[in-house]
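One structure is given below, encoded as C-alpha cells.
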C-alpha cells in the first residue's frame, strides 16, 4: 500500500496528461487512491504497482471527463490513446528517496531564479493562467511570457540535475 | 527554435489543456509514430508535474515564490489593486453579483450546482423520445445537459449526441414524423413551425409525414442541405461527403460546395462530394458477401491508420467507458457497412464473420452488429461472442489474430433486450449497418482491425 501512495506524483503526471488541468488531476488521483485502498487485495504481487494504479486513475480520469463534460472529440480521444500508450511504455516508478531529493533540489533551485521567472511560474502553475492572461497580469507580451517560461524551466531543470549529480 | 524546444512547448501547452483540435491531432500523430517523442513527452510531463506540485504546495500561506521585494507589486496594475478606488469598485461589483444571485434564486429557484443537469426548460417540448440505447447526451437550447434520458421523455429543441458506436436514439415530433440517429452521431433539431435539423456527423434515418405547404423539413449536413416534404430516407454525413438514400417519396438535395441541386426520387441515392456527380443512381441491389475496405478512411469509431511497410491499413480501437457501466473500460472500434457508396449488405443464415487484426496480448475479442430492415428502419443489435463459442484470440509472432463468428451463434445484444418486442429476434435476412469489435481487459489492449469479411454459407 505504501508503494501505491509513493507513486502519487507519477499518477498525477499521468492524470494531468489526460485532463490538461492540475486541480482536476489532483481530484482524480485522490479518488483513485481511495479505490486503491479499497481494492488493494486485488493487486497481484510481482506485477507493476504503478501500472495497476494507473489503470485505476484512468477510470477516474474518464469519469472526470464525463463529469465536467470535457471535450471528447475524436482528436481528444486519439490524443488520450497515444498518451496512454506513451505512459505504458516509458513511465518509470521513482524510488521514494529519489523523489524526495528531487523535490528538495527543486525548492533550492527555485530560490535562484529571477523575480520575473518566479512570477511567471506562479501564474502558470498556481493560478493555471494562459500566456495571454499571464502577460496581462505581469505587463508582458505573449512572446515574452513564452520565452520567460521556457527559459526559467530550462534553468531550473539544469540546476536540479546538477545539484542531484553533486549529491550523488 | 529547434525541434525539441517546439515539441517541449507543444507538450507543455498540452499539459495545461491549451491545444486546439489540429494541434491535438498533431501531437497524437507524433506520439504514435516516434518512440523518442513518446519518451520526451513522458519525461517532460514528469518534470513539469514535479515542478508544479512543489510550487503549488508552497503557494499558500508562506509562498516559496514570493521574493523579498514583492514581485507582483512592481507593476502599475498591482498598485491599482491596493488603491481606495479599487476597494470601492470591488465592493460595488460584489454587491451587484450577490443581488443578482439572490434575485435569480428567488425568481427561478436556480442553484448554480444544478445547472449541469436541469430537467426542465423554459421552452415547450417539440418531440418525445420513443427509443434509445447506449451512451447519449442531450444538450437543450438553454444549454442544459442531460445524460439521464428515457423513453417517453419530452424534449425541447437541442442537440442529441450518440457517444458510442452502439448508441441509438429515436425521436417522434408532435406531428408523428420520426427521426433516429445511430452510432457516434450528432443531430441538432428544432421545430418552430418548420422542422430544422443539422446532422453534424454520423448516420440518420427519417420517416417524415407530409409537412405544411412551404415549410418542408430541412436537414443540413456539413456539405448539403436536404428539403423533405414527406418521405422515408437515410442520410450518412461525413466531413467529406454525404450519402442520401430515398426509400419513399422524394427529397431535394442542395450541394453546398457548388450550389447545385437535385431531386432524389424513391429507390435512388445521391453521394454528394466535392467534384462528384450529383445525378441520382438507383439504390444498388443487396449483396451477401462483404469485405471491409480499410485502405481508405472508414469513418465509424476508432482511429484509422494508413498502411505501413509492416502492417496493412487498420482501424484502431479507442478507450470507452459505457455510461451504464462506469466501472468498465473498453478498447472499442466500429466500422460502418451499408449506407456508403457500396451496395447494401444482407445477412444470410449461417454466414460467417472473419475478423483479422492485432493485439498486444492474447484477449477475448468481442463482436457486435447493428442491423436494419429493408426500409432503413432500425431492426436491432446482436452479439457474436455471448455464447462464448469464440475462444480467447491467441496472437501470432507479429501480434496478429483472426477471430471467427458464426451468424447462427449471434444473440440479441443485452442493451436492446428491453425493447425486444419491437425489434428483430435474429439478424437473418436483415441489412448489416455497422459492426463493432472490442476488448474488455481494463487497459489499452492495442486492438486494431485490418479486415472484416462476411462470408455467406454458400461460399464457405
inquiry  = Can you bin every Cα-Cα distance in segment B:3-57 into 10 Å intervals starting at zero and give me the percent of pairs per bin, rounded to whole numbers?
reply    = 24, 55, 18, 3
key: Bins of 5 Å from zero: percent of alpha-carbon pairs in segment B:193-283   = 3, 16, 29, 28, 18, 6, 1
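According to the square roots a ≥ b ≥ c of the eigenvalues of the Cα gyration tensor, what is the shape class of segment A:71-168, taking rounded for a/c under 1.5, prolate for a/b larger than b/c otherwise, and oblate for the remainder?
It comes out oblate by the Cα gyration axes.
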task = Note the angle between two axes, namely the Cα long axis of helix A:49-67 and the longest principal axis of the Cα atoms of chain A, as a number of degrees from 0 to 90, rounded to the nearest 10.
result = 70
ask   = With no solvent and one point per C-alpha, what does the Debye sum give as log10 I(q)/I(0) for chain A at q = 0.12, 0.20 Å⁻¹?
value = -0.69, -1.31
query = If you count, for each residue, the other Cβ atoms within 10 Å and average over each peptide, how do B:164-172, A:46-54 line up from highest to lowest?
reply = B:164-172, A:46-54
Part-to-part distance (alpha-carbon centres) for segment B:403-441 and segment B:272-295, which is given in Å = 24
query = What is the mean projected area of the alpha carbon convex hull for segment B:352-407, to one decimal in square nanometres?
reply = 4.4
ask   = Relative to the first principal axis of the alpha-carbon coordinates of chain A, what is the inclination of helix A:22-39, with its axis defined by its Cα atoms, in degrees from 0 to 90 and to the nearest 10?
value = 20
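Under the definition of Cα pairs under 8 Å and six or more residues apart, what whole-number percent is the relative contact order of chain A?
Relative contact order of chain A: 21 percent.
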task = Enumerate the whole-percent occupancy of each 10 Å bin, from 0 to the last occupied one, for all C-alpha pair distances of segment B:198-250.
result = 26, 56, 18, 1
ask   = If you average the sequence gap of Cα pairs under 8 Å that are 6 or more apart and divide by the length of segment B:202-348, what percent do you get for the contact order?
value = 16
ask   = Helix A:74-90: angle to the longest alpha-carbon principal axis of chain A, degrees 0 to 90, nearest 10?
value = 80
request  = Sort B:268, B:289 so the one with the fewest other Cβ atoms within 10 Å of its own Cβ comes first.
outcome  = B:289, B:268
key: Gyration tensor (alpha-carbon) shape descriptor, segment B:308-435, a/c threshold 1.5   = prolate
remark   = Here the alpha-carbon Rg of segment A:2-90 over 2.2 N^0.38 Å rounds to 1.05
ask   = Computed from the mean reciprocal separation of all distinct C-alpha pairs, what Kirkwood hydrodynamic radius does segment B:231-315 have, in Å?
value = 14.8
query = Which of rounded, prolate, oblate describes segment A:45-106, given a ≥ b ≥ c as roots of the alpha-carbon gyration tensor eigenvalues and a/c under 1.5 marking rounded, otherwise prolate only if a/b is larger than b/c?
reply = prolate
query = Across the residues of B:311-319, average count of Cβ atoms on other protein chains within 10 Å?
reply = 2
message = I need the fraction of alpha carbon pairs in segment B:257-356 separated by more than 22 Å, rounded to a whole percent.
response = 53
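Computed from the coordinates by the stated procedures, all read-outs in this text should not be read as laboratory data. Here the structure is a predicted model, which means the values were calculated and not measured. For neighbour counting, all protein chains shown are included, and Cβ atoms are generated from backbone atoms with ideal geometry for every residue, glycine included.
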